[in-house]
Amino acid sequence: MLTEQRQELILKELNKKGIVKVNQLVEITNSSESTIRRDLSYLEQQNKLKRVHGGAALLEGRFNEESFKDKLIHNKREKVSIAKYAVSLIEEGDSIYLDAGTTTYEMAKLIDKKDIFVVTNGVDNVDLLLERGIDVYILGGKIKPKTKAVVGSDAFKNLEKFRFDKVFIGINSIHLEYGLTTPDTEEAIMKKRAIDNSTESFVLADHSKFDKISFVKVTDISDVIIITDKEQRNYTKHTEIEVTEQ
């Protein structure tokens, strides 16, 4: 089998499964383990995949991250359902961190508590919260054009001083072994700090985010409670999963 054909077969298998092991690729391509490892190294250099222990994973990296506007239309019904559930967890007197993201944006439309304080790095969250008479603090820093998230060293320093009752985080990918991951290093740092500074941490993720891996790890799934729209039996042994009613 030609090198190009073998590498095309590897990527095809990855697109089907998300993660593949070296021994599986050896069998599928009828090649040696050393040949497959060379292929994986080359494809990783081309930003086609991410090498992981014992194999490779489909890389949903920074280079193909969708814009905030594009993300808004995906799984809209599921995001609203998750947002409604998340909002029901907020109590009067809470201090809240609301991450940048399309599901947290849906939350900002629905929050009905007044005696709360919200810190956010989501530019589009601000007007929605102010319109509802909610005290809001937006972190200062660099604004990412694609995701409308405030990031960078200034934003991180702002975030460090706060302590929260609850944080609500958006995420790109969730995996049993590799945890919560996101395409951008700066956003990953912000999410991790918010989680560390909170009594309770909730990750909002529709079913399409599971069994995937992005570029940068945020934290282990055991560090958070995941709110999603469909049952995820493989994950319930490792963390708390809250499933919304459709």
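Looking at THR185, THR181 in this structure, which one is open to solvent by 10 Å² or more (accessible area, probe 1.4 Å) and farther than 16 Å from THR104 by Cα?
Going through THR185, THR181 in turn, just one is open to solvent by 10 Å² or more (accessible area, probe 1.4 Å) and farther than 16 Å from THR104 by Cα: THR185.
As an exercise: evaluate THR147 against (1) more than 21 Å from THR244 (Cβ to Cβ); (2) of a type outside the set (D, E, K, R); (3) surrounded by fewer than 22 Cβ atoms within 10 Å (Cβ to Cβ) and give the number of the one condition it does not meet.
(3)
Residue-wise test of (1) without any contact (Cβ under 8 Å) to a residue 40 or more places away in the chain; (2) closer than 27 Å to ARG77 by Cβ; (3) open to solvent by 10 Å² or more (accessible area, probe 1.4 Å).
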position	(1), (2), (3)
THR102	no, yes, yes
ASP112	yes, yes, yes
VAL126	yes, yes, yes
GLY141	yes, no, yes
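Out of all the residues in the range 225-239, which are surrounded by fewer than 20 Cβ atoms within 10 Å (Cβ to Cβ) and assigned to a strand (DSSP E or B)?
Residue satisfying the conditions is ILE225 alone.
Would you tally the residues in the range 188-224 being assigned to a strand (DSSP E or B) and either open to solvent by 30 Å² or more (accessible area, probe 1.4 Å) or not β-branched (Val, Ile, Thr) (or both)?
9
Does VAL218 satisfy being within 27 Å of LYS48 (Cα to Cα), at pLDDT 95 or above and touching a Lys or Arg at 6+ places or on another chain (Cβ under 8 Å)?
Answer is yes for this residue.
Within the range 199-246, work out how many residues are among the small types (Gly, Ala, Ser), under 30 Å from GLY93 (Cβ atoms) and touching a residue at least 40 places away in the same chain (Cβ under 8 Å).
1
Exactly one of (1) closer than 19 Å to ALA100 by Cβ; (2) in a strand (DSSP E or B) is unmet by GLU242. Its number?
The one condition GLU242 does not meet is (1).
Filter the range 114-124 down to the residues that are buried (at least 21 other Cβ atoms within 10 Å of the Cβ) and without any contact (Cβ under 8 Å) to a residue 60 or more places away in the chain and list them by number.
VAL118, VAL119, THR120, GLY122
The values are calculated or read from the model by the stated rules, or taken from the named source; none is laboratory data. Computed from a prediction, not measured in an experiment: that's the story for all the values here. A quick note on method: Cβ atoms are made from the backbone with ideal geometry, for glycine too, and the neighbour counts reach across all protein chains shown. Side chains are part of the model used for accessible areas, which takes the heavy atoms of the whole protein and leaves out ligands, DNA and RNA. Shrake-Rupley method; radii C 1.70, N 1.55, O 1.52, S 1.80 Å.
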